[in-house]
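Participant: Just passing along the structure, written as structure tokens.
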Amino acid sequence: MLKIGHLDFFCFYKKRYKVALMKITEIQIVPIKNKNGLVAIANLVFDNSLYLSSIGIHRRRDDKGYRLTYPTKKIGNSSFNIYHPINKVISKEIEDKIFSTIAEFNKVIY
């Protein structure tokens, strides 16, 4: 453990730990009027404890599915990610849940 002021940091070197994957416990899709391919906004809740909002759902340019964009903050000439998945497993889980929810929504409407 490394002490810096009043903060304690745990340092792990060259070890890999298995981390329990958080599960999506709630999903909300808000359809919007098509604007430059943006067709909806998704909001997610993980393990009934973490809320992530404003995930953009865009129609692919070839009209063969959707793609997701995560919120960014523009400061000056730079854009910074507010949050985004950092591994393929959670990214795939988010995409699968959102895309399956959209498919169910489209079945009800059409």
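Okay, residues lined up against (1) at pLDDT below 60; (2) exposed (fewer than 11 other Cβ atoms within 10 Å of the Cβ); (3) touching a Ser or Thr at 6+ places or on another chain (Cβ under 6 Å):
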| residue | (1), (2), (3) |
| --- | --- |
| Met1 | yes, yes, no |
| Phe9 | yes, yes, no |
| Lys14 | yes, yes, no |
| Tyr17 | yes, yes, no |
| Ile24 | no, no, no |
| Lys33 | no, yes, no |
| Ser49 | no, yes, no |
| Ser53 | no, no, no |
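Participant: I want to confirm something. Restricting to region 35-47 and keeping residues that are within 18 Å of Ser91 (Cα to Cα) and either β-branched (Val, Ile, Thr) or assigned to a loop (DSSP other than H, G, I, E, B) (or both), which single residue is modelled with the lowest pLDDT?
Facilitator: So the residue we want is Asp47.
Participant: Filtering region 84-110 down to residues that are within 17 Å of His58 (Cβ to Cβ) and among the acidic types (Asp, Glu), which residue is surrounded by the fewest Cβ atoms within 10 Å (Cβ to Cβ)?
Facilitator: The selected residue is Asp96.
Participant: Restricting attention to region 83-105, does a residue exist that is modelled with pLDDT of 90 or more and part of a strand (DSSP E or B)?
Facilitator: no
The values are calculated or read from the model by the stated rules, or taken from the named source; none is laboratory data. Since the model is a prediction, treat every value here as computed from it, not as a measurement. All Cβ positions, even for glycine, are placed from backbone atoms using ideal geometry, and neighbour counts span all protein chains on display.
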